[in-house]
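Scroll down for the structure; my scribbles are underneath it.
The values are calculated or read from the model by the stated rules, or taken from the named source; none is laboratory data. Owing to the predicted nature of the structure, the values given are computational and were not obtained by experimental measurement. In this analysis, Cβ positions are derived from the backbone assuming ideal geometry, glycine residues included, and neighbour counts consider all displayed protein chains. When the accessible area is computed, the model is the full protein with side chains, heavy atoms only, and any ligands, DNA or RNA have been set aside. Shrake-Rupley method; radii C 1.70, N 1.55, O 1.52, S 1.80 Å.
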Amino acid sequence: MLTIGRLASYAGVSIRAVRHYHQIGLLPEPERDASGYRSYDAAAVLRLIRIRTLAEAGVPLARIRELLEADPETFAAATIEIDRELRARIRALQEHRRRVAQLGSVESLAVPAEVADYLDRLRAIGAPTVLVEAERDAWILVAARYPETIPAIIADKVAQLAEPTILRLYQLLGRLAEEPENDDLLREIADLMSDLYEEAAASGDLDRQDEVMPDRGFVRLLDSFSYAAHPVVARLGELLAERGWTGWSRVEKRRP
């Protein structure tokens, strides 16, 4: 008769594993003797070795009892099924590895490749880090809500970066990051943004905003995120309102 320590040693497992197998009912737990110790026989060692072998082969503990008690035909069918499940798990893990490898940096976390490229372009034209990070987080929200429209939206944003007025806007925003209390600079930015909105209204771009983001509740979520990102955003919103514009993520001309 064997102690639990000797049983574990003979079967090549830990005492903790033996106790766990007792707890989940895989290994019968013998009665304690008069001294309060459990005693195990050779049959317990044999069953424990079989449990260990199946567990090391990747068989889920929940299915080990089934295999231990199965006839040869049932055992063979079960192992084929388990092998199929293991291959599916391997494919899933390989996909996880592929996606982790694609991340590369925090910049690409949860954003499509188009957005990551756009953010790199913003840095290249001198956009301040605080602005790039705020845009990144906003794009994460947009990409999750409207993944199918991201390529077209970003293509349009990239095209805008070639326009002198947009470059001027980002230059002013870069200065604002260093001088957030500069009210004259804030007003200059608000004037430039107002001019850009006038151009977008004249070209019909503002009328097409609902085609890009039709969910007004989501637009309000984006606005609240933007206003919370930096105090100057709320101040710019006030200055734009003075110039007749409402909204941030979806801009509208305020009616008289």
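At 0.36 nm per residue, minus the direct Cα-Cα distance, what do Ala228 and Ala78 gain on full extension? Give it in nm, one decimal, please. Could you put the intermediate results ahead of the total?
Working: separation 150, 0.36 × 150 = 54.00 nm, distance 5.57 nm.
Full-extension gain reported as 48.4 nm.
What ranking do 69-76, 118-125, 201-208 get when scored by the average of other Cβ atoms within 10 Å per residue, highest first?
On the way: 69-76: 10.4, 118-125: 15.1, 201-208: 12.0.
In descending order of packing, they fall as 118-125, 201-208, 69-76.
Taking the Cα atoms only, what angle lies between the long axis of helix 216-229 and the longest principal axis of the chain, rounded to 10 degrees?
The two axes meet at around 80 degrees.
Mind checking the dipole of region 98-201: about its Cα centre, +1 per Lys or Arg Cβ, -1 per Asp or Glu Cβ, Debye to the nearest 20?
Details: 10 positive and 20 negative charges, 141 e Å.
Its charge dipole is roughly 680 debye.
With a 1.4 Å probe and all protein chains left in place, how much accessible area per residue does the chain have, in Å²?
Details: 15650 Å² over 256 residues.
Per residue, the chain has 61 Å² of solvent-accessible surface.
Quick one: putting +1 on the C-beta of Lys and Arg, -1 on the C-beta of Asp and Glu, what dipole do you get for the chain around its Cα centre, in Debye to the nearest 20?
1520 debye
For Ala110, enumerate residues with amide H under 5 Å from its amide H, sequence gap 5+ or separate chain, H modeled in the peptide plane.
Under 5 Å from the amide H of Ala110 lies no amide H from a residue far enough along the sequence or on another chain.
Suppose every K and R has +1 on its Cβ and every D and E has -1 on its Cβ; what is the size of the dipole of region 162-245 about the Cα centre, in Debye to the nearest 20? Don't jump to the answer; show the numbers that get you there.
On the way: 8 positive and 19 negative charges, 47 e Å.
It comes to approximately 220 debye.
Using the basic label-point model (7 angstrom from Cα toward the beta carbon), what is the Ala55 to Ser35 distance in nanometres?
Placing both labels 7 Å beyond Cα along the Cβ direction yields 2.7 nm.
Ranking request for peptides 212-222, 167-177: highest mean number of other beta-carbon atoms within 10 Å first, then the rest in descending order.
On the way: 212-222: 14.0, 167-177: 16.5.
Packing order, densest peptide first, comes out as 167-177, 212-222.
As I understand it, the value is the acute angle between the Cα axis of helix 72-103 and the longest principal axis of the Cα atoms of the chain; what does it come to in degrees, rounded to 10?
30 degrees
I'd like to know which of Leu26, Leu236, Ile82 lies farthest towards the positive end of the charge dipole of the chain, counting +1 on Cβ of Lys and Arg and -1 on Cβ of Asp and Glu.
So the residue furthest toward the plus end is Leu26.
Percent relative contact order of the chain, based on C-alpha pairs within less than 8 angstrom and at least six residues apart? Could the numbers behind the result be given before it?
Values: 175 pairs, mean separation 28.0, N = 256.
The normalised contact order for the chain reaches 11 percent.
Mind jotting down the distance between the C-alpha centroids of region 113-169 and region 1-45, whole Å?
Distance between centres, Cα-based: 63 Å.
Would you mind calculating the gained length between Arg99 and Thr149 on full extension (0.36 nm times residue separation, minus the Cα-Cα distance), in nm to one decimal? Each step should come with its number before you reach the end.
On the way: separation 50, 0.36 × 50 = 18.00 nm, distance 2.14 nm.
Full extension of this stretch gives 15.9 nm more.
Two decimals is fine: what's Rg over Rh for the chain, C-alpha atoms, Kirkwood radius as Rh?
Numbers: Rg = 32.1 Å, Rh = 24.1 Å.
Radius of gyration relative to Kirkwood radius: 1.33.
Of the heavy-atom accessible surface of the chain (probe 1.4 angstrom), what whole percent is carbon and sulfur?
Working: 8480 of 15650 Å².
Exposed carbon and sulfur together represent 54 percent of the surface.
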